[in-house]
Amino acid sequence: MSNAVDPLLVLILVVNFFAVGTSRLRALITASAAQGLLIGALTAAIHGNIYVRGLLITVGAIVLKGIVIPSMLERATRDLAVRREIEPFIGYGASLLLCAVGTGLSLLFARTLPLAPEHQGSLLVPAALATVLTGFILLTSRRKAITQVVGYLILENGVFIMGLTLVNVMPFLVETGVLLDLFVGVFVMGIMIHHINREFASIDTGHLSKLKD
């Protein structure tokens with residue numbers, strides 16, 4: 001692996017903290033896009049010598065995670081005239097604390113895992129676990145559907161980073177399948193956002209509790 005791997009992972013962790021600490025949706029989407037670009041660079045760094053397979057995965061991650069999906073979310077934010085996440089289920093200070101605790105636990109837990117020699121001492125596995133936990137925090141502690149979509153994106157970023165630990169044995173179809181699942185998941189969530197806003201004139205998922213017989 002390249003010497004740039006750990007610095008890139010540190011930046012990804014910094015983005016995690018920014019994501020759980022901001023209430024501005026555009027800033028959150030920008031953070032998601034930045035993390036997507038960092039993951040694309042991380043993919044290239046882990047693959048080492050760029051060849052066809054590595055190049056396709058790198059370009060796919062950058063285009064989908066860093067450009068296409070954030071652009072879709074940015075457009076949805078403009079169309080819905082939503083600016084901030086108001087009154088989350090868990091406050092921003094508490095979310096930052098949970099993110100910090102999750103990151104610390106990820107560092108400790110990764111040391112107990114039987115990792116390959118090239119991954120021992122690296123931040124790859126801890127960063128993957130911490131990013132998954134960050135996405136889960138956003139999914140469960142925020143009210144706005146767009147924020148929850150970003151939480152799903154960040155959670156999937158963690159899964160993708162974990163998949164990079166198997167870059168030498170993981171089939172190409174599995175790696176591209178992760179990107180495809182991400183795109184389909186965001187597409188479905190976009191449809192859900194549209195219908196929630198049409199029915200309730202809001203994208204607060206708390207209104208879904210009204211959908212009862």
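Just so you know, all these numbers are worked out from the coordinates, no wet-lab data involved. Small disclaimer: the values here were computed from a predicted structure and weren't measured. Here the Cβ is made from the backbone with ideal geometry for all residues, glycine too, and neighbour counts use every protein chain on show.
One decimal place: the segment Arg83-Asp6 gains 24.4 nm when fully extended, by the rule 0.36 nm per residue minus the C-alpha distance. Annotation: the residues Glu156, Glu87, Glu74, sorted from fewest to most other C-beta atoms within 10 Å of their own C-beta, follow the order Glu87, Glu74, Glu156. Here segment 79-161 has an Rg and Dmax of 14.8, 50 Å, counting Cα atoms alone. For Leu113 and Leu56, the FRET efficiency from 1/(1 + (r/R0)^6), where r spans their Cβ atoms and R0 equals 35 Å, is about 0.75. Sorted on the mean count of surrounding Cβ atoms within 10 Å across their residues, most packed first, peptides 127-133, 92-98, 108-114, 23-29 read 127-133, 23-29, 92-98, 108-114. Placing pseudo-labels 7 Å out from each Cα toward the beta carbon at Val14 and Leu96 gives an inter-label distance of 1.6 nm.
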